[in-house]
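Encoded as structure tokens, the structure appears first; notes follow it.
Coordinate-derived values only; no laboratory data. Everything numeric in this text was worked out from a predicted model, so none of it was measured. Counting neighbours? That spans all protein chains shown, and the Cβs are built from the backbone with ideal geometry, glycine included.
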Amino acid sequence: MSYLLKRGLNVPIVTALDDAGCVVETDQRRIVRHVVQQGRGADVLFGVGTTGEWNRLTPREHQRAMEIEIDEVRRVNAALPAGTHPVEVWMGVNGHTRADVLAHLDASIHLGADAAVIAPLAIGDLPEHEIVPFFQRDITALLESAPRELPVFLYDNADISAPGNAAHIRTQIVKHLSRLPWIYGLKVSAPRRVIGNYTKAALHYKLPGEFGIYIGNAMLIFDMYRPSHSLLGRLREGWRDYLLHDAPPIGVISGPGNVMPREWQKAWRACWAGDESLTETYQALCTRFETICQFDENGRSVVKMIACLKYALELDGVISASLPGPGTPALTPEQKKIFQGNYDALNRYKEDHIPEEWRTKRIEN
């Protein structure tokens with residue numbers, strides 16, 4: 001298999017749902033166009049992941065969302081300006097059972113996804129000691145019998161681990177799975193040390209550049225790529241590079257990129273380039289958005305990120321309704337008022353600090 005790793009901004013898109021938990025096709029297509037921003041937004045769209053509420057969808061709606069998103073990305077790419085790199089669409093094929101995963105993976109192959117993403121620890125009927133055999137046999141058999149090749153990325157997120165499973169994929173498992181020729185990388189929401197362990201594990205069987213790490217804790221990029229000038233800072237930078245085995249992550253996964261795709265694209269570019277002034281500007285902006293998604297409930301701070309992403313998209317006219325999936329924490333009427341006021345203030349802040357070219361625009365049609 002020959003696949004060139006896609007660098008840059010990876011946006012896990014939300015899923016537009018009606019009150020019956022079914023995908024709203026017109027809204028879902030608008031989300032795709034909004035996040036792409038005519039080539040100024042996401043480099044990769046990650047569909048039906050955690051932010052896309054895969055665990056709130058029926059298998060039928062899961063595959064329907066995949067079909068809509070893959071088709072719309074194909075249309076968007078056909079309309080991009082000449083010379084613009086096409087956007088890739090990676091499909092989350094997570095499921096509660098191994099059978100669900102295999103069914104979603106098969107669908108992603110036939111629908112034409114650019115890659116698939118699997119979270120081994122989220123599969124309820126897959127104990128840890130059976131992860132490697134499941135990938136070596138069941139998934140390999142499906143991919144080898146498929147009409148075309150499909151790259152697969154692992155997904156590590158403690159928030160979706162099935163009961164009884166570890167919080168993170170063990171390094172030894174990543175090492176074993178990296179032997180498989182169709183495994184191309186890992187999307188990971190974990191501290192820097194864990195990321196470094198995964199890099200070391202993969203390099204046993206992959207050459208540099210054959211296995212990509214994508215940062216799931218998006219705010220981490222503002223510190224990870226920042227240049228150091230003092231002696232202490234350079235020592236820390238050297239230690240960072242040592243932990244990462246001189247193979248830094250090549251992309252970032254940003255849920256808020258649903259709402260601010262242009263801003264997050266520029267944030268990634270500034271961080272990767274080591275532009276300290278721009279890094280600070282976009283860090284301040286992105287921190288503000290994270291802050292307005294936190295609410296006080298009975299004396300404790302609660303983050304309602306998915307609900308806020310959907311409500312922001314509704315306020316921006318991208319989707320007609322911001323209904324979260326069954327079981328996803330929703331915003332109360334009072335929280336909606338608070339968020340709307342803070343979101344309006346955030347947009348005014350962008351007008352003062354972000355160039356127009358890198359402010360997300362309403363995409364018509």
Handout entry: Share antiparallel - DSSP beta bridges, the chain, percent rounded to 5
Key = 15
Practice task
May I ask you to evaluate 6.51 cos²θ - 1.76 cosθ + 1.60, the Karplus curve with θ = phi - 60°, for each residue of the stretch 310-319 and list the ³J(HN,Hα) values in order in whole Hz, giving x for glycine and proline?
Solution key: 5, 5, 4, 5, 5, 4, 7, x, 7, 10
Handout entry: Virtual paramagnetic centre 7 Å along Cα→Cβ of residue 330, amide N under 12 Å, in the stretch 17-39
Key = 18-21
Problem - Phi to ³J(HN,Hα) by Karplus 6.51 cos²θ - 1.76 cosθ + 1.60 over the stretch 276-286, Hz, x for Gly, Pro - result: 5, 5, 5, 4, 5, 4, 7, 5, 4, 5, 5
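Summarise the long-distance tail of P(r) for the stretch 1-75 by giving the % of C-alpha pairs beyond 18 Å.
Summing the P(r) tail past 18 Å for the stretch 1-75 gives 38 percent.
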Exercise for the section: Could you name the lysines whose alpha carbon sits less than 23 Å from that of residue 350, not counting residues in the same chain fewer than 8 places away? Expected result: 266, 304, 310, 336, 337, 361
Completion exercise
Its Cα gyration tensor gives the stretch 241-335 an equivalent ellipsoid whose semi-axes in whole Å, largest first, are 30, 16, 14
Completion exercise
Using alpha carbon centers only, the stretch 31-78 is separated from the stretch 96-127 by a whole-angstrom value of 16
Completion exercise
If amide H atoms are modeled at 1.01 Å from N in the peptide plane, then the residues at a separation of 5 or more from residue 17, or on another chain, having amide H under 5 Å from its own are 24, 323
Fill in the blank from the handout: Averaged over all viewing directions, the convex hull of the alpha carbons in the chain casts a projected area in nm² of 18.5
Handout entry: Net +/- balance of residues flanking residue 6 in space, Cβ distance below 14 Å, scoring K and R +1, D and E -1
Key = -2
Handout entry: Volume in Å³ per residue [convex hull over Cα atoms, computed for the stretch 33-154]
Key = 101
Exercise for the section: Find which of 320, 20, 9 sits farthest along the positive direction of the dipole of the chain, computed with +1 on the beta-carbon of Lys and Arg, -1 on that of Asp and Glu, about the Cα centre. Expected result: 9
Fill in the blank from the handout: For the stretch 1-62, the dipole about the Cα centre with charges only on Cβ (Lys and Arg +1, Asp and Glu -1), to the nearest 20 debye, works out at 360
Problem - Separation of alpha-carbon centers, the stretch 249-279 and the stretch 141-176, rounded to whole Å - result: 26
Problem - For residue 178, net neighbour charge (Lys/Arg +1, Asp/Glu -1) across residues whose Cβ lies under 15 Å away - result: +4
Practice task
Could you calculate the FRET efficiency of residue 300 with residue 337 from 1/(1 + (r/R0)^6), where r is the beta carbon distance between them and R0 is 25 Å, rounded to 0.05?
Solution key: 0.80
Problem - Reduced Cα scattering model of the stretch 83-224, Debye log10 I(q)/I(0), q = 0.12, 0.14, 0.20 Å⁻¹ - result: -0.47, -0.64, -1.32
Fill in the blank from the handout: The size of the Cβ-based charge dipole (Lys, Arg +1; Asp, Glu -1) of the chain about the Cα centre, to the nearest 20 debye, is 700
Completion exercise
Relative contact order of the stretch 247-307 (C-alpha contacts under 8 Å, at least 6 apart) in percent is 18
Practice task
Quote to one decimal, in nm, the extra length available between residue 166 and residue 60 on full extension: 0.36 nm per residue of separation minus the C-alpha distance between them.
Solution key: 35.3 nm
Completion exercise
In terms of the charge dipole of the chain, which places +1 on Lys and Arg and -1 on Asp and Glu at the beta carbon, the residue among 195, 333, 169 farthest towards the positive end is 195
Handout entry: Cα lying deepest toward the dipole's positive end in the stretch 61-183, options 181, 79, 141, charges on Cβ
Key = 181
Problem - Theoretical FRET efficiency, 1/(1+(r/R0)^6), r = Cβ-Cβ of residue 148 and residue 359, R0 35 Å, to 0.05 - result: 0.35
Problem - Net dipole in debye of the stretch 74-227 [+1 Lys, Arg Cβ; -1 Asp, Glu Cβ; about Cα centre; nearest 20] - result: 480
Problem - Helix-derived mean residue ellipticity, 222 nm - over the chain, DSSP H n ≥ 4, -39500 (n - 2.57), to 500 - result: -13000 deg cm²/dmol
Problem - Cross-link reach list, lysines versus residue 175, counting only Cα pairs under 26 Å and skipping chain neighbours closer than eight places - result: 6, 187, 200, 206
